[in-house]
1. Quick one: check the C-alpha center-to-center distance for segment 43-77 versus segment 1-40, whole angstrom.
2. What ³J(HN,Hα) values, in whole Hz, does the Karplus curve 6.51 cos²θ - 1.76 cosθ + 1.60 give for segment 39-44 when θ = phi - 60°, with x put for Gly and Pro?
3. Could you rank the peptides 68-77, 28-37 by their average count of other C-beta atoms within 10 Å per residue, with the highest value first?
4. For segment 11-27, what does the Karplus curve 6.51 cos²θ - 1.76 cosθ + 1.60, with θ = phi - 60°, yield as ³J(HN,Hα) per residue in whole Hz, taken in order and with x for Gly and Pro?
5. Can you work out ³J(HN,Hα) from phi for every residue in segment 61-72, in order, using Karplus 6.51 cos²θ - 1.76 cosθ + 1.60 and θ = phi - 60°, giving whole Hz and x for Gly and Pro?
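Nothing in this text is a laboratory measurement; each read-out follows from the coordinates by a stated rule. Computed from a predicted model, the values in this text were never measured in an experiment. Positions of Cβ are generated from backbone atoms using ideal geometry, with glycine treated the same way; all protein chains shown enter the neighbour counts.
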Amino acid sequence: MQAITISLKALVASSIFFVWVVRYENIDSEFNQFGNSNWLRGLFEILKLTFSILLLVCIKREQFAVVAGIGISLLMLLLTCGREVRLFDQLVFITLLMAQCLFSFSLEFAY
């Protein structure tokens, strides 16, 4: 069972890396198509890659698994809602700041 979990974590992390680094032109065109700003795209890219790296780190240090999973899920939810409802950049920015604060807070107490 542990081998399956490790494989799934590696699959998710590599998929996120592939989408946000290798196929960056698609992400750029999608953000432009929906009218999102460049700083928002960059922020999502940094956070997505950070959470995917954290997902790989949690293979050895399990305490990061919840933070990585919640972070990736929250970003996916925000991207989906932002595209469908056309959320303002300010609302997304405030939500991401709150998520980053919670992330930093949880890392402080992980040790």
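1. So the separation of the two Cα centres works out to 12 Å.
2. 5, 5, 4, x, 5, 4
3. On the way: 68-77: 16.7, 28-37: 13.0.
Result, highest mean Cβ count within 10 Å first: 68-77, 28-37.
4. The phi angles translate into 5, 5, 5, 5, 5, 5, 4, 4, 5, 8, 10, 6, 9, 4, 4, 5, 5 Hz.
5. For segment 61-72, the Karplus-derived couplings read 10, 4, 5, 8, 4, 5, 5, 5, x, 5, x, 5 Hz, x marking Gly and Pro.
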